[in-house]
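A quick write-up on the structure given underneath.
The values are calculated or read from the model by the stated rules, or taken from the named source; none is laboratory data. Quick caveat: nothing in here was measured; it's all calculated off a predicted structure. Note: ideal-geometry Cβ built from the backbone for every residue, glycine included; neighbour counts use all protein chains shown. When the accessible area is computed, the model is the full protein with side chains, heavy atoms only, and any ligands, DNA or RNA have been set aside. Shrake-Rupley method; radii C 1.70, N 1.55, O 1.52, S 1.80 Å.
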Amino acid sequence: MADLYDIGVSAIINLLSALAFLIAFAILRLQPVNDRVYFPKWYLKGLRASPIRPKGSLTKFVNLDFRTYLRFLNWMPEALKMPEPELIEHAGVDSVVYIRIYLLGLKIFIPIMALAFAVLVPVNWTGKMLDNAQYVSFNSIDKLSISNIPQGSNRFWAHIFVAYASTLWTCYMLYKEYEIVTAMRLEFIAVADRRPDQFSVLVRNVPPDPDESVNGHVEHFFRVNHPDHYLLHQVVYNANKLADLVEKKKSMKNWLIYYQNMEYERRPSRKPTIKAGFWGLWGARVDAIDYYTKEIEKLTEQEAAEREKVISDPEAILPAAFVSFRSRWGAAVCAQTQQTSNPTLWLTEWAPEPSDVYWNNLAIPYVEHNIRKLFMSVALFFLIFFFMVPITFVQSIANIDGLEKAFPFMKNLIEQGRVRSFVKGYLPGIILKIFLLCIPMVVMLMSKIEGFTSFSYLERRSAAKYYLFILVNVFLGNIIAGTAFQQLSHFLHKSATDIPRIIGESIPMKATFFITYIMIDGWAGVAAEVLRIVPLLLFHIKNAVLVKTEQDREEAMDPGFLDFAAYEPRIQLYFFLGLVYCVVTPILLPFIIVFFAFAYLVFRHQIINVYDRKYESGAAFWPDVHRRILVALVISHFSLLGLLSAKLSIKSIKATIPLLLALPILTIWFHTICKGRFESAFKKFPLQDAMMKDTLERATDPTLDLRSYLRDAYLHPIFKGGEVYAPPPSDEEEGFPLVATKRSQRSSRVTSLAGSDVCVQLV
């Protein structure tokens, strides 16, 4: 268990690490050679160009103007200067609302910290309970926690008061923030430029028809059921294999350029060779340039054949389509209504914007999609369950006694004061951070396997999985495993009836572990984010190996994007820790506030200068953020309830339990209020707003050719620029569109999608 000195050592290490990262960033960003690494967004917008320097000049790579080094920290105030409306226009609503989460953390926890330090810290410090404890290991920091209050003391009323005050304040700030974000979303929808997704829906589970192709069936269905608003549609092709061939060909071209640039041009007398086997590890050695040239030619032929197969084979057309309408109103009606009496057919939803579509998953049938979700839920359970093993290992090794038992030959080294402080104050957090590095990638892979069709929804589902993982493993796992190892000797020598009391007293003491983790992840980790070590190295490797033209340099530039699936659950961990420990161990709050302030500054800088917009959802993720904070609040109520039930006398329990039970009930009631008041703005598009935008657009742009605008909007990217069959628009008589069909005559009812031998005339 880390004491004050150990946490001081950890703080020094992490502060020095963060300072080193910030100084390195401040210097590297000034160098012309790194300009595209630290300001890529401005290059993508065409507002910044490579610094022009004399050829062969040192100034092409190094900034020799020493006056700029005196202002090396000016990026911090610059990151705060751009006003929010301009920031929305520059980076998008998603990015702005994301960094408002950090601002929300500051709004919530600064007043709570002031109250907790004014009320609880003096109450806890003067409790004197731990000074007389015989069965619990503790340190000076634990005297600031609720564990230092004697059994049955009236001092616990102070904690109940702070619990109510923090709950009311948190709910108030959440309501105000929900109101602000909802207004931002509605304004975004009202003033947003014309986009294809405003006019389009994604239709899935198109039923097979023996007389018509999927293409004809979709057109027939929507001309009959949406006669006044249907415009056109784009069927979905299963082009995954073709996309793989194109990607493989691109990789081969990169390797060919590498061997031409790096090997042959530098040493013309010696041709580069490679092994032609698996991954170049074995096989006959061949000429590398000839090998990749032949492979590219072979892939070009395969690509052409596969492209022709996809276009001409009816089996390559999936039972799904993007359907576009003449107006936003028509699209809104279709997206938000059930199309047939069978709720499993002709499933419609708002189409993602074209850049948001995850094309690989459109090939997954509806039934298979649900089966995959079931299997991935089971897989997530086992991932969470089995990850308890490394968590337990971390806590056993991070504990001094456990480390000495595992590595007895290191006992003399570990017993040295500074080494011991390093192990207790720094090692647990850094080991946990390392173990968590791969989890965002794993849960994203699981979400892709499930079959979601947009990047935005993939990220939201991955964030939900990662949040559940953090909640169970990082919080509960570390508390249970860490407490058990710290109090193991007391567990063995006490009766079973005393164990709940010992755990109740020990849980607040795990705040020291989370303090060290916050400093590693929230201080040094955020500072490493702004340095961009990996993109910096990759850019210079690509620049040295692949870049020959300015276009190559543009492609080598990797701005990255705001990884919501990995970042948002991490923020939720800090909300969770702050809400759980604000009453139990308030000394943890300053560390959390430093994280929120520092992260707000860093990520504001990143979305201004670095991150590119991958998509724009209009802050569709906010209901998830709001709900998770409330989940943390409810868990904090039950943790306090469990703790006080072990600390209060029977007489006091009867008076306090109803008060404590009221907190989660009120919080859940607050959630229902917010859900009814705001959530519909994130799920539905009001028909009134849709009609207003349509009317305004017809008045301001009466000559708009919407068919040309939407024709190729949802064409698979692999076909853009190539030859793809597109059915010609059907003949229409004004007010009386003719619906072509190849069905034999089975019924005369239009509503059943049957018709005459040739067509159905709508009247």
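Structural remarks
- Residue in the stretch 196-208 that is assigned to a strand (DSSP E or B) and of a type in the set (Ser, Thr, Tyr) present: yes
- Meets criteria (buried (at least 22 other Cβ atoms within 10 Å of the Cβ) and at pLDDT 85 or above) for Phe561: no
- Selection of the stretch 288-343 for residues being among the aromatic types (Phe, Trp, Tyr) and open to solvent by 40 Å² or more (accessible area, probe 1.4 Å) yields Tyr291, Trp329.
- Meets criteria (in a helix (DSSP H, G or I), buried (at least 19 other Cβ atoms within 10 Å of the Cβ) and not aromatic (Phe, Trp, Tyr)) for Ile391: yes
- Scan of the stretch 306-320 for residues that are part of a helix (DSSP H, G or I) and closer than 15 Å to Gly216 by Cβ, ordered by number: Pro314
- Leu115 being open to solvent by less than 50 Å² (accessible area, probe 1.4 Å), within 30 Å of Leu168 (Cβ to Cβ) and modelled with pLDDT of 95 or more: no
- Failed condition for Gly755, given (1) modelled with pLDDT of 85 or more; (2) in a loop (DSSP other than H, G, I, E, B); (3) surrounded by 13 or more Cβ atoms within 10 Å (Cβ to Cβ): (1)
- Identity of the residue in the stretch 651-681, β-branched (Val, Ile, Thr) and open to solvent by 30 Å² or more (accessible area, probe 1.4 Å), that ends up modelled with the lowest pLDDT: Ile653
- Leading residue by the ranking (surrounded by the fewest Cβ atoms within 10 Å (Cβ to Cβ)) among those in the stretch 635-650 that are hydrophobic (A, V, I, L, M, F, W, C) and at pLDDT 80 or above: Phe638
- Of the numbered criteria (1) among the hydroxyl-bearing types (Ser, Thr, Tyr); (2) modelled with pLDDT of 90 or more; (3) open to solvent by 10 Å² or more (accessible area, probe 1.4 Å), the one Thr549 fails is (2).
- Residue in the stretch 364-385 that is open to solvent by 30 Å² or more (accessible area, probe 1.4 Å), assigned to a helix (DSSP H, G or I), more than 30 Å from Leu245 (Cα to Cα) and touching a Phe, Trp or Tyr at 6+ places or on another chain (Cβ under 9 Å) present: yes
- Taking the criterion of being in contact (Cβ under 8 Å) with a residue 60 or more places away in the chain and of a type in the set (Lys, Arg), the residues of the stretch 626-650 that qualify are Arg628, Lys647.
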